[in-house]
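The values are calculated or read from the model by the stated rules, or taken from the named source; none is laboratory data. Nothing here was measured: the structure is a model prediction, and the numbers come from that model. Quick reminder, even Gly has a Cβ in these numbers, built from the backbone with ideal geometry, and neighbours come from all protein chains shown.
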Amino acid sequence: MTHTVKGSAHKEQDMEPEVVLDFSTLKWQGARLEPIKEHLVNHIDLISKSPGDSSTRIARLLSRRLEIDEDELLITDGGDGAVRLIADAHRGACSLILPPTGMEFRQALHHAGHEVREAPEGTPLADLVTEGVDFVWLSVPSNPDGKVYRHRDLLTLLKKHPDTTIIVDLSMRKYVLEETLKVSDIQKYPNLVVLSSFSRAYNLAGLCVGYICARPDFINGLREDYVPTGISSLALEAVHYVLVHPASFTIPIRKWLRDARLLAKEIDKIEGFESKLSDAPFFLVECSSPAQQVAEYLLKEHHILVGTAAKGIDIHGNELRIAPLPHQAENDALIEGLRGWAEADHATL
């Protein structure tokens, strides 16, 4: 996105408005990144070194933290890279997704020529039909609606369908209080594959470092033709810092969830908007007007960005996706913007 820059010779109307408050991203924006930035500056010489040894060191440390064996883990080019790697390694397979779902699933599966089946929206895990299905793709919590599958339902799914590989993205596991799957569950359930990354929960999307955890034969099948060329030595050093300093990246999840509830409550007071609160710190908002029109107004008039289907999010055209920001004044700005839309008589009353 091109931001408005003071002193620019470009005409203002030819440039996109500056985004000041981003409610569309699922990254935890309260992360304190100054210490890790300083650490990376002190290790800037790593840009001239290949990542080979660093990757091995990270795999060893990460496997210990996850309580799995090193041969059950593969470092990847980010979370999306993990999805693409599995999809490409099993071209032409049959995959089942549960809409709404992450667009990274849809895009990778279609690109790899999978036969993609979609369960009816809202289908319980217990009612999934997996006959002829090779893979089921899930995320916990679900992106984009924040739905959290119950732990016992996930375990039942794994037990009920032992011949189907269940792929679960746990990148946002820290976003929920409910008990859910652990990475080490791959040792109990041979049909479980876990994906994760350091992008959202750590606000380190620019590093593009993720990982896949699964039984050794599954990992070996991916490793045969995989060269993680997109992972730099500097990025791996950042991951090492995160693993050694976990307390610096603790998410105040109870506060974030409380902020989400308060924000949803205030949104519901505005005519033309109805929130669909979830068990995660992000949720959908149903609009009586086209959501993209509301989003364009918020961006132009209030420098606020919200998630819409036009941004590649798997939601309906009358829905927004919103994740509250760390400070109350920022969330109040969104409420002010939505009230401005309603008071300007844009909404269908």
Unmet requirement for residue 63, which otherwise passes all of (1) among the small types (Gly, Ala, Ser); (2) at pLDDT below 95; (3) surrounded by 15 or more Cβ atoms within 10 Å (Cβ to Cβ) = (2)
inquiry  = Against the conditions (1) in contact with a helix residue (DSSP H, G or I) (Cβ under 6 Å, 6 or more places away or on another chain); (2) at pLDDT 95 or above, where does residue 180 fall short? Just the number, please.
reply    = (2)
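Considering 265, 311, which residue is at pLDDT below 95 and outside the structural domain of residue 141 (by TED's automatic domain parsing)? Spell out the reasoning first.
On the way: 265 fails: at pLDDT below 95.
Going through 265, 311 in turn, just one is at pLDDT below 95 and outside the structural domain of residue 141 (by TED's automatic domain parsing): 311.
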note = Within region 252-265, residues surrounded by fewer than 17 Cβ atoms within 10 Å (Cβ to Cβ) and in contact with a helix residue (DSSP H, G or I) (Cβ under 7 Å, 6 or more places away or on another chain) come out as 253
remark   = Picked from region 83-104 (must be more than 21 Å from residue 223 (Cβ to Cβ), hydrophobic (A, V, I, L, M, F, W, C) and in contact with a strand residue (DSSP E or B) (Cβ under 8 Å, 6 or more places away or on another chain)), the residue surrounded by the most Cβ atoms within 10 Å (Cβ to Cβ) is 96
Exclusive hit being in the same structural domain as residue 262 (by TED's automatic domain parsing), in contact (Cβ under 8 Å) with a residue 12 or more places away in the chain and surrounded by fewer than 21 Cβ atoms within 10 Å (Cβ to Cβ), set 336, 296 = 336
request  = Assess whether residue 138 counts as being assigned to a strand (DSSP E or B) and either of a type in the set (Ser, Thr, Tyr) or within 30 Å of residue 35 (Cα to Cα) (or both).
outcome  = no
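Please tell me if residue 54 is on the phi < 0 side of the Ramachandran plot, polar (S, T, N, Q) and surrounded by fewer than 15 Cβ atoms within 10 Å (Cβ to Cβ).
No, not satisfied.
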message = Which residue is modelled with the lowest pLDDT, if the candidates are limited to region 20-59 and must be polar (S, T, N, Q) and assigned to a helix (DSSP H, G or I)?
response = 54
task = Only helices (runs of 4 or more DSSP H) wholly contained in region 210-298 count here; list those with 1 or more residues that are of a type in the set (S, T, N, Q).
result = 216-223, 233-244
key: Test: residue 73 is touching a residue at least 40 places away in the same chain (Cβ under 8 Å), touching a Ser or Thr at 6+ places or on another chain (Cβ under 6 Å) and surrounded by 18 or more Cβ atoms within 10 Å (Cβ to Cβ)   = yes
query = Only one of these conditions is not met by residue 95: (1) in contact (Cβ under 8 Å) with a residue 24 or more places away in the chain; (2) part of a loop (DSSP other than H, G, I, E, B). Which number is it?
reply = (2)
task = Please go through region 188-219 and pick out each residue that is of a type in the set (D, E, K, R) and touching a residue at least 60 places away in the same chain (Cβ under 8 Å).
result = 200, 215
